Every structure is written in C-alpha cells, then in structure tokens.
Amino acid sequence: MTGSPRPDAGAGAGNGPGEVSAAVADAHRREWAFVLAATARVAGDLDLAEECVQDAYAAALTAWTRQGVPNNPGAWLTTAARRRAIDAKRRDRVLRAKLPLLIEPDPPVAASAPPGAGRAEEDEVIPDDRLRLIFTCCHPALAREAQVALTLRLVCGLTTVEIAQAFLVAEPTMAARVTRAKKKISAARIAYRVPAPAELPDRLDAVLTVVHLLYTTGHTAPGGDNLVRADLVDRAIGLARMLRTLMPDEREVAGLLALILLTDARRATRADPQGRLLLLEEQDRSQWDRALIAEGTALLPWALRGGRPGRFVLQAAIAALHAEAPSYALTDWPQIVAIYDVLLQVWSSPVVALNRAVAVAMAQGPAAGLAQLGELEAGGRLDAYRYLPAAKADLLRRLGRWEAAAQAYRDALALTDNAAEREFLTRRLTEVTGAPG
Amino acid sequence: MAEYMILICEDESAYATATPDVLQQVMEAHNRFSEQVAETGGKIIEGRALQPTSTATSIRGDVVTDGPFIETKEAIGGYYLVEARDLDHALQIGKLCPARFGGVEVRPIMVFG
C-alpha cells in the first residue's frame, strides 16, 4: 500500500477492535487540531485538509487493528493525512489551480513553532501549526459566530451537526455558516499564520473571546433544558489549556485558563439534584473542585505581575476571591469592587458595570447597589440583558420592596429562555408576591 | 500577491458642501496614500474618483432610470484596485485609505481558472 504510513514501532498487533476504536476516538479528541493544522499547511486548502484528515482517521481504524496502535498516534495520523494531501494535489492539478492557497508567510514566523513543540515523526519534525489554525479561524474579518463555528469544526473536530446542536441552530444554517466562512478564508486570502507582534494583542483577544464564549455557552446554555453542556465546556477547557501550552508568555492566556478553571470548579454545585439553578450564595462550597481552584489560582500571581493586567486576568482574580472565600457573606467584597474598578478601565462594558453593582451591594448594602443599577438602566445599553432586571429584583427583595421586586422578576422572566433560570426566577417571584405587606 | 478592490463609501453631501480647503486636504491625503501603499510593499494598480450619484443612470432590463441603483446616504465615490500579499495586508492598506466622510470596503478580486 503506497501512501500508507509505517507505524513507528507499534504497541504490537493484537489490539482488539474495542481497544482500537477507543484509541482512534482518543486520538480524535487529543490530536485533531495538530493533525489538521499540519495537513492544512501541506494541502494549502482547508476543505482538502479536512477531507484528508477524516480519511486518515478512517484508515487508522483498519491499520491499527492489523498492526497495532502506534506509539505516537498523532504523528501516524499526521503523516497519513499529509501524504493524502500531497497525493491529492499531485493527482488533481486543476483543483490546486482552482482554489486559492492558504498563504505561507515569508519568512516563516518562528513564533508559531515553539521549541520542542514539533513532533519528531520518522526523521522529519512536523511543525506545530495549531496556533496558525486557531488564529485563522478567529480572524477578525470573520463574524464572531463564524469564528466560533470554525473553531469547533477545525480546531476541535466537531461535526456540523454537533455544532448546530450546541448552538440551537438548524443544521443547514450551521453548515452554510461554516461553508461561507471557509469560502471567505480562501477567496479573501486570509493568511494561515500567527499574527505579527504589532497585531497580536487584538488578534489574541479575539481568540480568547471565542474560547470564553464557547465556555459560557456550554456553562449556561442560552435556551433548552441542560444547564451545563458538558462537552462544550470540556472543549473550551481543552482549548484554553492548549493555548496556555502554545503561548506560555501571554498573561491573558493564563488569565483565561484561570478564569475558566475557577468558574468550572463550581460546576457540580450550580444546580440542585432537581436541576434548579443555585446562586453563588446558595452553593455548597465544600463541593467545589479544590484541584481546579488550586490550578487556576496558581496561574494568577505571575499573570498579575508586570503592568496593568488584561480583562481575563482581572476576571480570574475576582473568581479566585470567590473561590477562596469561606462563604458568600465573608467574601472580600471591597477587594472585588476594587478589581471591578480596574476591570472597567480596561474593558468598559455595561455587563462589567452590572457585576460591579452587585459587588457594591454586598460591600456597601443593597441600596448602594440599587443606585448603581439605576444608572445602568438609564444608560439603556442593557435593555435586553436578562441579568439586569434579575439583579435589580434581588436587591429590591433584600430591601423588602416586594411589589417593585415582583415587577423586576417579571421583567427578567420576559427575557429568559433557559429552563433552569426561568424556574429560579419563578420561584423567587412566588416568594415575593406571597410576602407579607 | 492578490488583487483587492478598495471601495470608498462616503457621504456625498459632505463633499458638496466642503470648503476648497477641505477638498485640498482630501487631495493631499490621497496623494499621501499612494506613497504609504508603496511603503507597505503593496501596489496601487488603479485608482479613480467617480462623479456623484446625481449623475448616475441606472438600467434594468430595457428600462433606463435617472439616478443610482439604490439611493443611500453613503455611496461609492471612488475606488482603488490594489495588489496585496493577503487579506491582512489589504486591510492594512484599507485602513490607510482616506475616507473622512465614511469608510471603505475591501473586496477580493475573483480569480478564474
């Protein structure tokens, strides 16, 4: 079989079919991004690269059953996929001429291949092109929703059906979104490269935003019945870890990973056994994942050093204060308000201002928080944001202003689709409407 | 290298009411733009300004109508056809392109065959 790679000293024949398919599935999860990124460089086209990588995974099932699972499945798959790409290009010169190639920078950007990140495979070192891949998927010339879809498809290897389900979008809609984005990459010649240092901060922010968006989408589904879409959450954590490995000197990358880990440490306590949403103050802190908290917190001292931290580091610092607090009441609220003040300077978002108002309410009392919310309401930028009336309702409830609280809960309900959140708001609404006087 | 069209989309009324001084500044900005493009390693293949949309004539089928195809506040008033390495380079050039009364749209030229 020409074109089929030689397995590097395999673990020996005799792997059962179950073992082999488990190994292929594992390699799919762990190695997809590496394999596709390396193949895209050779194929010069994302569609061709994807096709070759899918073929390589299919071929692995047969080959590994016969020859045993190779020691380095990623290298085996990469070689197989790259050979297919080279063959396809040789076979079909018309195809190569038709599709504008992804562009190789000249001279090559050294930053994309950190020392030791490449993989020795036979006598060739395959460069690690995963950063090129993710920066291409998250290029600012693509709409945010396209960036998200492409990242899941190309970096995580999810199918269009899976992505459509995760975002509650019809499959043809998602397929069209992915196709349009890929077409723009080739037609507009979006370069397959890591951005130059001058562009890096903005471009990296787009990548981190996409990963964070994946996390929050999985963490709180915008609609539907599952509060946590565990797979999206795991993918986001995987991406954040990957970026941390590939860009060890970027503080915001560490910040994003810390933020996700610290938030995810609370995953098991976000809902009760009936699936009802539990607020931070109601969560059983003894059930928070201490290992994740330790890992997230450990990233922060370094990330906070050297100039003003970015928005992900600051959000992670806030999450760390929550994670370390013995209880909601005993949280260091003044410190949290102080970090929000810095955060608002680097990221002037009304959502941040809303969260700051909640912290102010804890540090200085609900009336002070309510005053801040009033300013935000007057600003009008959060009109459709369900957490604004929800936060307002909560503060009014604490002040015993039942009627106003009930109205705010109704306003929040009108903006909320998520079943668990609706249940929570309805429960609170019942409480305040039944309250005396 | 690839070719991109930079479409300059601006508020025509701003030009109609502009002082000679402002128009002079616009001319100078475009002259400077030509030099800046060369400094980035790109190339202007062609650049033209269009007469305002009040001079446009639209044809659909056999029907000839006075005016532009679509009436909008901001209209294409000129273009540059440039050569750039890739989209990032084309966007870098697009950001340099003068368009004080609006903005620009960067479109890749279709390649056949």
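Values in this text are rule-based calculations from the coordinates and carry no lab data. Everything numeric in this text was worked out from a predicted model, so none of it was measured. With ideal geometry, Cβ positions are generated from the backbone for all residues, glycine too; neighbour counts draw on all protein chains shown.
A:Ala371 label point, 7 Å along Cα→Cβ, cut-off 20 Å on backbone N: hits in segment A:304-335?
The answer is A:333-335, whose backbone nitrogens lie closer than 20 Å to the label point.
Under 17 Å Cα-Cα from A:Lys183, which aspartates and glutamates qualify once same-chain neighbours fewer than 8 residues away are excluded?
Cα-Cα hits under 17 Å: A:Asp45, A:Asp47, A:Glu50, A:Glu51, A:Glu145, B:Glu3, B:Asp86, B:Asp88.
So what is the 222 nm mean residue ellipticity for chain A from helices alone, if each DSSP H run of at least 4 adds -39500 (n - 2.57) and you divide by all residues, rounding to the nearest 500 deg cm²/dmol? Working shown, then result.
On the way: 20 runs with 276 residues, N = 437.
When only DSSP H runs of four or more count, the value is -20500 deg cm²/dmol.
Which Cα, out of A:Ile190, A:Leu200, A:Pro172, lies furthest along the positive dipole direction of segment A:160-256 (beta carbon charges, K/R +1, D/E -1)?
A:Ile190
What is the Å³ per residue value for the convex hull set by the Cα atoms of segment A:375-425?
On the way: hull volume 3.5 nm³, N = 51.
In segment A:375-425, the Cα hull volume divided by residue count equals 68 Å³.
Take the alpha carbon gyration tensor of segment A:131-258, find the square roots of its eigenvalues, order them as a ≥ b ≥ c, and report rounded if a/c is under 1.5; if not, report prolate when a/b exceeds b/c, else oblate. The partial results should precede the final answer.
Details: a/c = 2.24, a/b = 1.16, b/c = 1.92.
Verdict is oblate for segment A:131-258.
Can you give me the distance in nm between label points at B:Arg48 and A:Ala25, each placed 7 Å from the Cα along the Cα-to-Cβ direction?
Taking the two extended label points, one gets 6.2 nm.
Rounded if a/c is under 1.5, else prolate if a/b is larger than b/c, else oblate: which is the protein assembly as shown, with a ≥ b ≥ c the root eigenvalues of its Cα gyration tensor?
Numbers: a/c = 1.94, a/b = 1.11, b/c = 1.74.
Here the protein assembly as shown falls in the oblate category.
Could you tell me which of rounded, prolate or oblate describes chain B, using a ≥ b ≥ c as the square roots of the eigenvalues of the alpha-carbon gyration tensor, with rounded for a/c under 1.5 and, failing that, prolate when a/b is larger than b/c and oblate otherwise?
Working: a/c = 2.57, a/b = 1.23, b/c = 2.08.
The shape class here is oblate.
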